[in-house]
Protein chains: 2
Amino acid sequence: MESAIDTHLQCPRTLSRRVPDSYEPPFPMFVARADKSLQQVVMAYFGVQYAEDSQRPKALAALRHIVESFDLSDGPLHHDLTDHIDNQNHHNLMAVAYWADPAAYCRWLRSDEVNDWWSSDERLTEDLGYFREIVAPRVEQFETLYAFTEEFPGIGSVMGTSSGDISEHGYWGSMRDRIPLSQNDWMQPNDELTVISGDPSQRRRVIVRGHDNIALIRSGQDWRAAGEAERGLYLDEILPSLEAGMDFLRDNGETLGCYSNRFVRSIDLDGNELDESYNIGHWRSLDQLERWAESHPTHLRIFVTFFKVVAGLEKLRLYHEVSVSDGKDQVFEYINCHPLTGMMRDAVVPASV
Amino acid sequence: MESAIDTHLQCPRTLSRRVPDSYEPPFPMFVARADKSLQQVVMAYFGVQYAEDSQRPKALAALRHIVESFDLSDGPLHHDLTDHIDNQNHHNLMAVAYWADPAAYCRWLRSDEVNDWWSSDERLTEDLGYFREIVAPRVEQFETLYAFTEEFPGIGSVMGTSSGDISEHGYWGSMRDRIPLSQNDWMQPNDELTVISGDPSQRRRVIVRGHDNIALIRSGQDWRAAGEAERGLYLDEILPSLEAGMDFLRDNGETLGCYSNRFVRSIDLDGNELDESYNIGHWRSLDQLERWAESHPTHLRIFVTFFKVVAGLEKLRLYHEVSVSDGKDQVFEYINCHPLTGMMRDAVVPASV
């Protein structure tokens, strides 16, 4: 048994774990481990939004253009593709990319090819929306959790290896306890989401400024290799509660501190659905995410089912990654997206001067 | 908003609360407040056990004898009466008594009238079982929680007044955070339950030695004054999950750290049922109680229902009290009870020398 917090990230605490040292989790779970040289990662969500099915070929072409740009120098180490319908019944394709080197990411983003495409006036005249939502948490600002130990998805894909059995799981509060920064920091928000450029109601280009400690969760399910029994378990027992909970957050998140919630389906470059899905939730704070997760009936049902089945899982892969990040390490930019897209919905629009 | 931990019991922390200072609970709840002079309380469960319905009149007479003894000098300040059927289908009547002065309790217990009755050989020849399970937590070792502010049952009845809205509730871990000792102590068990006199399999007199930090929860429901809607809410929506959860703990507690679990119905001196019930659970440790409460489907269902209805409760009274206590402040004594009664079930019987 080892701590989810890697040895080189452990430090004297001013805040205690929720459970005593003698705590023993009821089943094994694992986290991704990285070399000590890893300092900060980048989690980038590049989106293409469209309103009508007829726009899908064009949107898929735009998605493929984004994916091609990943092959440029300093591009991401890993990416995957998703599709979802949002709160306004718009379709959204996303390329979700991960870097293990924020300097490389920065060079890539500022490269002529990438920057020129994003900045071009052509983006304003296409009938597609675009967004990029990017956070760059330092290693002490995120955690992972897997019920398996190989071929990690998401951020785990750029980290390297798996831990052994970790201690901090199986209780409410363990997510916080797995984040190294929790040893000394409550990770509280310091400000509000604010529109700092553009006007969401006018579409065109909008930039939203984030704030310290926005929490981002990616929580996923991969049933590609599952046999009939595990497919049934996922599709019949887990998915209905999951969809109900995720729809609830998508539509009612504002009062709970959930800025944005997208339950997405993995796709290939041609837009065909794969047997993978995940949720992407942006929260005003980690504790608001905790409160929802530990009290909402839909999530409690998912949790109970997970507890019941986890020890017997073979090919059904369940996991999550949760980060907080500094406001200065966040990018929330939108082009021609509807005004309830992503961080725009809850962002304060300053009175014009 | 005030802390559940009374001002004179607050001290510099070595262990942090689970939630930041900015936490705001989703609905109001209250705790009992006592004068600063209160140092330690006594919670005493006096039981009469019988196997056959035909023994009930005799058992009720024994219960009345116990209640009469409460009128002796230094008797308890408050008591109530209960009935339940246990894990062996035996009936059990209990008088549950509270003192605010452990010295008075001690004088009462050692008084000739009380001591002679308990010690008499006549107790061995009646066909009734008797037990007394008593803990005396110091004020820093227990907490209370009420969805109402008047006429507190249980330990609250001897404390005095109600707090205003308290901060530490509505999240898993708040029970621990309400116990003043949690500021500096994990409240971990230091030993096992041990039979130190007698042999449970032989019945007769058995004494079980407890250990530090056995956790005792009394969790109650009072629908005496409830109107039709709230009676229905309790009887149809809460009770089925509650019974399922309590039966589960009664029958499966051993592997979970639940030494004993009794879901009891309040009665009057003649044994007539009142519209009140509560659960009495003894746990090896507070954290094992926490783990069960926050992960078992039956308790999560109760919790979800409670969250849904609590803001609208009028006459349905829901509450609990939770304590830990030092091994030296515990009494677990049995006369002619079946060997799975109370602490006997999980107590180690030392190899005879």
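The values are calculated or read from the model by the stated rules, or taken from the named source; none is laboratory data. Note that the coordinates shown come from a computational prediction; the quantities given were computed from them, not determined experimentally. No Cβ is skipped: glycine too gets one built from the backbone with ideal geometry, and neighbour counts run over all protein chains shown.
Scan A:GLU333, A:GLU273, A:GLU290 and give me the residue that is under 27 Å from A:ARG203 (Cα atoms), in contact (Cβ under 8 Å) with a residue 24 or more places away in the chain and among the acidic types (Asp, Glu). Quick ask: steps written out before the conclusion?
Working: A:GLU273 fails: under 27 Å from A:ARG203 (Cα atoms); A:GLU290 fails: under 27 Å from A:ARG203 (Cα atoms).
Residue meeting the stated conditions: A:GLU333.
Under 7 Å between Cβ atoms, which residue pairs at least 6 apart in sequence (or on different chains) link something in the range A:125-141 that is touching a residue at least 60 places away in the same chain (Cβ under 8 Å) with a partner that is part of a strand (DSSP E or B) and charged (D, E, K, R)?
A:PHE131/A:GLU333; A:ARG132/A:GLU333
Please count how many residues of the range B:195-243 are in contact with a Pro (Cβ under 8 Å, 6 or more places away or on another chain), surrounded by fewer than 20 Cβ atoms within 10 Å (Cβ to Cβ) and closer than 30 Å to A:ARG18 by Cβ.
Going through the range B:195-243 one residue at a time, the tally reaches 2.
Of the conditions (1) at pLDDT 95 or above; (2) farther than 27 Å from B:PRO25 by Cα; (3) under 20 Å from the mean Cα position of the chain (by Cα), A:LEU239 satisfies every one except a single condition; which number is it?
Against the list (1) at pLDDT 95 or above; (2) farther than 27 Å from B:PRO25 by Cα; (3) under 20 Å from the mean Cα position of the chain (by Cα), A:LEU239 comes up short only on (1).
Looking at B:ARG107, B:ARG56, B:ARG64, which is the one that is touching a Leu at 6+ places or on another chain (Cβ under 7 Å) and more than 24 Å from B:ALA215 (Cβ to Cβ)?
Working: B:ARG107 fails: touching a Leu at 6+ places or on another chain (Cβ under 7 Å); B:ARG56 fails: touching a Leu at 6+ places or on another chain (Cβ under 7 Å).
Being touching a Leu at 6+ places or on another chain (Cβ under 7 Å) and more than 24 Å from B:ALA215 (Cβ to Cβ) holds for just one of B:ARG107, B:ARG56, B:ARG64, which is B:ARG64.
Could you count how many residues in the range B:150-196 are at pLDDT 95 or above and part of a strand (DSSP E or B)?
Selection size over the range B:150-196: 6.
Residues of the range B:23-39 being hydroxyl-bearing (Ser, Thr, Tyr) and at the interface with chain A (Cβ under 9 Å from one of its Cβ atoms), which ones? Give the steps one after another, and end with the answer.
Initially, the range B:23-39 is screened for residues hydroxyl-bearing (Ser, Thr, Tyr), giving B:23, B:37.
Within the range B:23-39, just B:TYR23 meets the criteria.
Can you tell me how many residues in the range A:2-22 are among the charged types (D, E, K, R) and within 8 Å of another protein chain (Cβ to nearest Cβ)? Reasoning before the result, please.
Our first condition is that a residue be among the charged types (D, E, K, R); within the range A:2-22, this holds for A:2, A:6, A:13, A:17-18, A:21.
Remaining after also requiring within 8 Å of another protein chain (Cβ to nearest Cβ): A:18.
Number of matching residues: 1.
Just the residues that are farther than 22 Å from B:LEU128 by Cα and assigned to a helix (DSSP H, G or I), please, taken from the range B:310-346.
Result: B:VAL310, B:ALA311, B:GLY312, B:GLY327, B:LYS328, B:ASP329.
Sort out which residues of the range A:160-194 are closer than 25 Å to B:GLN288 by Cα and of a type in the set (Val, Ile, Thr), and write them in order of number.
A:ILE166, A:ILE179
Please go through (1) under 30 Å from B:PHE248 (Cα atoms); (2) free of Cβ contacts under 8 Å to residues at least 12 places away in the same chain; (3) not β-branched (Val, Ile, Thr) for B:HIS84 and return the number of the only condition it doesn't satisfy.
The one condition B:HIS84 does not meet is (2).
Do we have B:GLU133 as of a type outside the set (S, T, N, Q) and touching a Gly at 6+ places or on another chain (Cβ under 7 Å) here?
On the way: of a type outside the set (S, T, N, Q): yes; touching a Gly at 6+ places or on another chain (Cβ under 7 Å): yes.
The answer is yes for B:GLU133.
Just one of (1) without any contact (Cβ under 8 Å) to a residue 12 or more places away in the chain; (2) surrounded by fewer than 18 Cβ atoms within 10 Å (Cβ to Cβ); (3) of a type outside the set (A, V, I, L, M) trips up B:PHE307, so point out which.
(1)
Being within 17 Å of the chain's Cα centre (by Cα), surrounded by 21 or more Cβ atoms within 10 Å (Cβ to Cβ) and among the β-branched types (Val, Ile, Thr), is that true of even one residue in the range B:260-281?
Within the range B:260-281 (the criterion being within 17 Å of the chain's Cα centre (by Cα), surrounded by 21 or more Cβ atoms within 10 Å (Cβ to Cβ) and among the β-branched types (Val, Ile, Thr)), the answer is yes, since at least one residue qualifies.
Need a quick list: helices (runs of 4 or more DSSP H) entirely within the range A:197-309 having at least 3 residues that are within 14 Å of another protein chain (Cβ to nearest Cβ). It would help to see each step written out before you state the result.
Values: elements: A:228-232, A:239-252, A:286-295, A:297-309.
Per the criteria, A:239-252, A:286-295, A:297-309.
Do any residues in the range A:161-182 that are more than 10 Å from every other protein chain (Cβ to nearest Cβ) and touching a residue at least 24 places away in the same chain (Cβ under 8 Å) have Cβ atoms under 6 Å from those of residues that are part of a helix (DSSP H, G or I) and among the small types (Gly, Ala, Ser), where the two are at least six apart or on different chains, and which pairs are they?
Partner pairs satisfying both residue conditions: A:GLU168/A:SER174.
If A:ARG56 satisfies all but one of (1) in a strand (DSSP E or B); (2) out of contact with any helix residue (DSSP H, G or I) (no Cβ under 8 Å at 6 or more places or on another chain), what's the number of the condition it fails?
The failed condition is (1).
Exactly one of (1) touching a residue at least 40 places away in the same chain (Cβ under 8 Å); (2) within 27 Å of B:GLU68 (Cβ to Cβ) is unmet by B:ASP116. Its number?
Failed condition: (1).
State all residues of the range A:310-329 that are away from chain B (no Cβ under 14 Å) and farther than 30 Å from B:PRO26 by Cα; if no residue qualifies, say none. Break it down stepwise before answering.
In the first step, residues of the range A:310-329 are kept if they are away from chain B (no Cβ under 14 Å); the result is A:312-323, A:325-329.
Once the filter is applied, which keeps residues that are away from chain B (no Cβ under 14 Å) and farther than 30 Å from B:PRO26 by Cα, the range A:310-329 yields A:GLY312, A:LEU313, A:GLU314, A:LYS315, A:LEU316, A:ARG317, A:LEU318, A:LYS328, A:ASP329.
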